[in-house]
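The values are calculated or read from the model by the stated rules, or taken from the named source; none is laboratory data. Keep in mind that what you see is a predicted model, and the values were worked out from it rather than measured. Cβ placement follows ideal geometry from the backbone for every residue including glycine, while neighbour counts extend to all protein chains displayed.
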Amino acid sequence: MKRIILVALILISSGSFAQSPKDKQAILNVLEHQRLNWNKGDLESFMQGYVKSDSLLFVGSSGPTYGWQKTLDNYKKTYHGKAGMGQLTFGIKKVDFLNKDVAFVLGSWHLKREQDEPKGYFTLIFKKLDGAWKIIVDHSS
């Protein structure tokens, strides 16, 4: 019994959180839904992956933006119509769980448009809220 408690304490103190494959897949599903909605030119549906809150933090090339609506407004200003949005692909590099309800995601993004192909990287913090994984912080470059 003492060994079980010792092992549990070591795991807790090491910050290693074993998460079910179901949670990881749920996060990947959020990103896939975002990708599909982006490629349809549907920003409002794309934004459903984010927490709909004034506390949402998006950090891009122009600095931090707080709030779901402000983030949506910035996307609309930057990406004009389906042609301006292009075709989005993601490359997910890692999904790490910081605790049972918070995850860190590192990935790359690539847009294929008629006139250019911008690309970069992102780090996301997901939080499980009311049983659903939502992005609460997005840092994209």
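When the stretch 54-75 is examined, which residues are found to be over 19 Å from G120 (Cα atoms), touching a helix residue (DSSP H, G or I) at 6+ places or on another chain (Cβ under 8 Å) and either modelled with pLDDT under 95 or surrounded by 13 or more Cβ atoms within 10 Å (Cβ to Cβ) (or both)? Spell out how you get there, then give the answer.
First, pick out the residues of the stretch 54-75 that are over 19 Å from G120 (Cα atoms): 54-56, 66-70, 72-73.
In the following step, the residues that additionally are touching a helix residue (DSSP H, G or I) at 6+ places or on another chain (Cβ under 8 Å) were identified as 54, 56, 68, 72.
Result: L56, W68, L72.
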If a residue counts only when it is closer than 18 Å to N39 by Cα, which strands (runs of 3 or more DSSP E) contained entirely in the stretch 49-141 have at least 2 such residues? 87-99, 102-112, 119-129
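Please work out if G86 is crowded, with 16+ Cβ neighbours inside 10 Å, farther than 21 Å from S55 by Cβ and out of contact with any His (no Cβ under 8 Å at 6 or more places or on another chain). Give the steps one after another, and end with the answer.
Values: crowded, with 16+ Cβ neighbours inside 10 Å: yes; farther than 21 Å from S55 by Cβ: yes; out of contact with any His (no Cβ under 8 Å at 6 or more places or on another chain): yes.
It is true that G86 is crowded, with 16+ Cβ neighbours inside 10 Å, farther than 21 Å from S55 by Cβ and out of contact with any His (no Cβ under 8 Å at 6 or more places or on another chain).
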So which residues in the stretch 37-48 are assigned to a helix (DSSP H, G or I) and either touching a residue at least 40 places away in the same chain (Cβ under 8 Å) or within 17 Å of G81 (Cβ to Cβ) (or both), if there are any at all? N37, W38, N39, K40, L43, E44, S45, F46, M47
Residue, surrounded by the fewest Cβ atoms within 10 Å (Cβ to Cβ), within the stretch 21-36, restricted to residues that are within 12 Å of V95 (Cα to Cα) and either without any contact (Cβ under 8 Å) to a residue 60 or more places away in the chain or in contact with a Lys or Arg (Cβ under 7 Å, 6 or more places away or on another chain) (or both): P21
